[in-house]
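Undergrad: Before I ask anything, here is the structure I am working with.
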Amino acid sequence: MKFLRRILDKQARHFEPGGRFERFYPLYEAPDTFLYTPGKTTAGAAHVRDALDLKRLMMTVVVALVPCVLMAMWNTGRQAHLAIAGGATALPNWRTDAMEMMGLSFDASSLLANTVHGALYYVPVLVVTFAVGGAWEGLFAVVRRHDVNEGFLVTGMLFPLVLPPTIPLWQVAVGISFGVVVGKEIFGGTGYNVLNPALTARVFLFFAYPAQISGDAVWISAGTSADGYSGATALGEIAVLEAVEGSDAPLDGLSAIEGKVSWMQAFLGDIPGSMGETSALACLIGAVILIATGIGSWRIMVAATAGTAAISLLLNLMASSTNAMLSVPFHWHIVLGGWAFGIVFMATDPVSAAQTNRGRYIYGFLVGVLAVLIRTINPAFPEGVMLGILFMNLFAPLIDHYVLKANIKRRQARYAQ
C-alpha cells in the first residue's frame, strides 16, 4: 500500500491548482480519499467534530448489505440449478462455459457451485452499474468543480440487488443513468435529491421495460439459457388468480403459494425473485447493523411494519372472489417480494426520508400502508413497495413541515406569557 501511496502523491501535483489537469482534480481525489483518509486538516476552529463522516456512513450501509449480496449470488445460482434439475435445458453460454472450465457442476446442493454461478450473473450487473454510474458522477463533479461524493457507493450497491439476474446489461446502463442524472444530479447531487436514486432507476426500468422486470412471467431461475427461464413469481401467481366461474367464495391467495413455497423458505430467501430481495433474514441482519450504528431509523422500520400489519388485517376482512391478494395475511406480506429490502434499505434513506422523529413514524406507517395497498388493489403491480416509498419520498418534506409547525405552536403555547 505504501507503493500505491507514493504513486498517488507523485501524481497529485498534476491535479492540484496550477497543474496540467487541475480541472480533473475530482477524478484524482475520488480514489485517493476512498483508499486513504484525506491529507487535509481543518485550518481554523471547527464547529462540529464527529468521527462519522459521509464515507464511513456509506461504508456502514455497504457492510449491512453484505448478507443480501451473499444471498443474491447463492440464491441466483441455486434457482438456476433447480430449474436445470427440473428439466430445463441449460443452453451453452459464457456462464455455463465458465462453470465447466472451473470444474463445477450444476448441483443445487453445492454451496460453491450455487455461489459461483450466481456471481456470474450478479458481478457483471454490479460492474456495469459502477462503471456507468461512476462515469456520470465524475462528469458532474468535473463540470461543477466539486469532489466526487461517496453517495453513489450505496446507490451502486443497491441497484443490482433489486434487478432480476437476466436483465440485459444495456438496460442496467440506461437505468442507472436515469437514476443518477434525473433522480439525483439535477437536484444538486448527494444530499439534495428528493427521490431515492436507486429506486428511481428501478422504477424507470419497471415502466420502460416491463417484460424484463415485472409482470406474471418474469425471470425466476437464472442461467438456464441465454434468455433465462421464465415463470410466475410468488406475488405474480397470486395476482393473476381467477375465481371459478359461478363461485362467490373468496379467492384464497395463500393457497396459491403454500403448496410450492413454505413461509420459512420465503423468510430465508430460497425463492425466485430479484437478486437481493428474496431473503428477509438477510435484510433483518442488515437492519440490526443499521440500527446498532445509528445509520438507519428504527422508527421508520417499526412504523412501516405497523402500517403493513394494519392494512393487511383490514384487507383480509374484505376478501372477495375477485382479488386473491386481499386474503394474503401480514406474515406473508413481509417475506414476499421486496418488502423487507425496501423497508430496511430504501425507506430509511437519510436524504429522501422524513427528518423529524414524529415525521418518521408518519412516513414509515404510510410507506407500509401504500406498499400493501398497491400490491393488493392493483394486480398489475404485484410489487408495490418501491412505488410506495417513492410516493412518500415526495411527501416527506411536507410531513416534516407540519410536524415542525406543530412543535412551534406547542412551544409557543407552553411559554406564552
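The values are calculated or read from the model by the stated rules, or taken from the named source; none is laboratory data. If you're wondering where the values come from, they're calculated on a predicted model, not measured in any experiment. Glycine also receives a Cβ, built like all others from the backbone with ideal geometry; neighbour counts cover every protein chain displayed. Just the protein is used for accessible areas: all its heavy atoms, side chains included, with ligands, DNA and RNA removed. Shrake-Rupley method; radii C 1.70, N 1.55, O 1.52, S 1.80 Å.
Undergrad: Report yes if V367 is buried (at least 24 other Cβ atoms within 10 Å of the Cβ) and at pLDDT 90 or above, otherwise no.
TA: Judged against the criteria, V367 is a match.
Undergrad: Looking for whichever is part of a helix (DSSP H, G or I), under 19 Å from F345 (Cα atoms), at pLDDT 90 or above and open to solvent by 50 Å² or more (accessible area, probe 1.4 Å) here; the options are V123, V127, V66. Which one fits?
TA: V66
Undergrad: Which residue pairs have Cβ atoms closer than 7 Å, lie 6 or more positions apart in sequence or on different chains, and pair a first residue in region 280-298 that is over 20 Å from G269 (Cα atoms) with a second residue that is charged (D, E, K, R) and surrounded by 18 or more Cβ atoms within 10 Å (Cβ to Cβ)?
TA: These pairs meet every condition: S297/R360.
Undergrad: R95 fails exactly one of the following numbered conditions: (1) closer than 25 Å to E383 by Cα; (2) in contact with a helix residue (DSSP H, G or I) (Cβ under 7 Å, 6 or more places away or on another chain). What is the number of that condition?
TA: Just one mismatch for R95, condition (1).
Undergrad: How about region 69-105: which of its residues are among the hydrophobic types (A, V, I, L, M, F, W, C), at pLDDT below 85 and either touching a Cys at 6+ places or on another chain (Cβ under 8 Å) or in a loop (DSSP other than H, G, I, E, B) (or both)?
TA: A88, A90, L91
Undergrad: When you check Q171 against the structure, is it modelled with pLDDT of 90 or more and either in a loop (DSSP other than H, G, I, E, B) or of a type in the set (S, T, N, Q) (or both), yes or no?
TA: yes
Undergrad: Okay, next question. Can you tell me how many residues within region 304-332 are closer than 24 Å to D400 by Cα and open to solvent by less than 10 Å² (accessible area, probe 1.4 Å)?
TA: Number of matching residues: 3.
Undergrad: Here's another thing I want to ask about it. So, in region 329-376, of the ones that are in a helix (DSSP H, G or I) and of a type in the set (S, T, N, Q), which residue ends up farthest from Q265 (Cα to Cα)?
TA: The selected residue is N357.
Undergrad: Still on this structure, please answer the following. Would you call D270 over 30 Å from S110 (Cβ atoms), modelled with pLDDT under 95, among the charged types (D, E, K, R) and open to solvent by 10 Å² or more (accessible area, probe 1.4 Å)?
TA: no
Undergrad: Does V143 meet the test of being in contact with a Phe, Trp or Tyr (Cβ under 8 Å, 6 or more places away or on another chain) and open to solvent by 10 Å² or more (accessible area, probe 1.4 Å)?
TA: No: the conditions fail for V143.
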